[in-house]
Every structure is written in structure tokens, then in C-alpha cells.
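Chemist: The structure is given below, and queries will be raised subsequently.
Every number in this text was worked out from the coordinates using simple rules, so none of it is lab data. Since the structure is predicted, the reported quantities are computational estimates derived from the model, not experimental observations. Cβ: placed from backbone, ideal geometry, glycine included. Neighbour counts: every protein chain shown.
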């Protein structure tokens, strides 16, 4: 994982709750609900892929997403500089997927590209567009991008079973999780 220029992995001595999770994009098959979300999104959402951009629109959507989804904790809103240092300043090849309905940006996903994989760094969206299931749509578009670029894996970050904000990642199947140092398959 990374935050800005800092690369990290968890190493809590007595806890194993955080499990890295990845999709083998050749084997991944979207479920019926995911296919429905993709079809609707493909009809109504425009996707643009490019270099990450820092602007007030993105920062406002980022803050709205964190606040309305209770992700900010006791932290306040971030400013442009904090957004840049968290998501855009990087030592990796980083891309941004932006999602648009008409002329209105509904969200963005920041991803790092490796030789054989794409790593989902952070996805945020305007909760006003929740009916589109933009988080799910974003993961599915990232899988699609991996396939177009002939990448093997999409890394979704950490899966944490007891976290409402991290457990959703298990809905993408089949997937692999790194458990006790070995990648294990989870099909159901």
C-alpha cells in the first residue's frame, strides 16, 4: 500500500485482521448484481483515464465522500495540499479514473500501475450518486482496464472482515487473500 511517497505494509505483532486482497483478472467473473451495475454505468457514466489532477472539485467530492460515509473520524476536511500529498505525490506510475454524468464529475479512483498489476489506492465519489453504486462500478472498470492492459492482478488493498468499510472487498470473487504469507483462494 502507499500514502503519497510512503510505501507500507501492516506488521501488527498480535493482529492478523488486515489481509491483502487481489483479483486474478483472468479468472474474475462479476456476479449478476455487479453485471447489472456495470451495464447501467456503461450507459450513463463516462469514464476518463489519465494522470491524477489536483483541483477544488476533486477535493470537495473527496471531503463530502469521507464525511457522509463516516470515513473521516475526528479528522476535518483536507485541503488541496493534503489531497496532493495523500493521493497524487507518488513514486509510482499513478493513474486517475474519473467518472462523469453529463458535465458533473461523480467521483474518481486513484490507482498505481505495476509491471503485472494495478493497485487500487483510493476511490471516492459524491454520495448524491450512490444509486449508481459507483464504488462497485469503479472496481469493475479497474478490472476492465487490467484486462485491456494485459495485467494479471488488481490489488484492492486490505480486506478486514470486521470493518464495514473494508469487508465489501470479499464480494468480488473469486479472489485471493494473503493469509500467513501465502495467497489463498476464496471462491464463495
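Chemist: Which residues among segment 16-48 fall inside the zone where the amide N is under 17 Å from a point 7 Å beyond the Cα of residue 152, along Cα→Cβ?
Modeler: Inside the label zone: 21-28.
Chemist: R0 = 30 Å: FRET efficiency of residue 165 with residue 80, Cβ-based, nearest 0.05? Display every interim value, and only then the final one.
Modeler: Working: r = 24 Å, r/R0 = 0.81.
In this case the efficiency is close to 0.80.
Chemist: How many nm is it between the label spots at residue 60 and residue 103, if each spot is 7 Å from the Cα in line with the beta carbon?
Modeler: Reported label-point gap for residue 60 and residue 103 is 1.4 nm.
Chemist: Within the chain, what percent of beta bridges assigned by DSSP are antiparallel, to the nearest 5? Walk me through the numbers before you get to the answer.
Modeler: Details: 36 of 39 bridges.
Rounded to the nearest five, the antiparallel share is 90 percent.
Chemist: While we're looking at this one, here's another question. Considering the Cα trace of the chain, what is its radius of gyration and what is Dmax, both in angstroms?
Modeler: My reading of the Cα-based Rg and Dmax gives 16.1, 49 Å.
Chemist: Additional query: Please list 50-60, 167-177 highest first by mean number of surrounding beta-carbon atoms within 10 Å per residue. If you can, show how the numbers build up before the last one.
Modeler: Details: 50-60: 13.6, 167-177: 17.0.
Result, highest mean Cβ count within 10 Å first: 167-177, 50-60.
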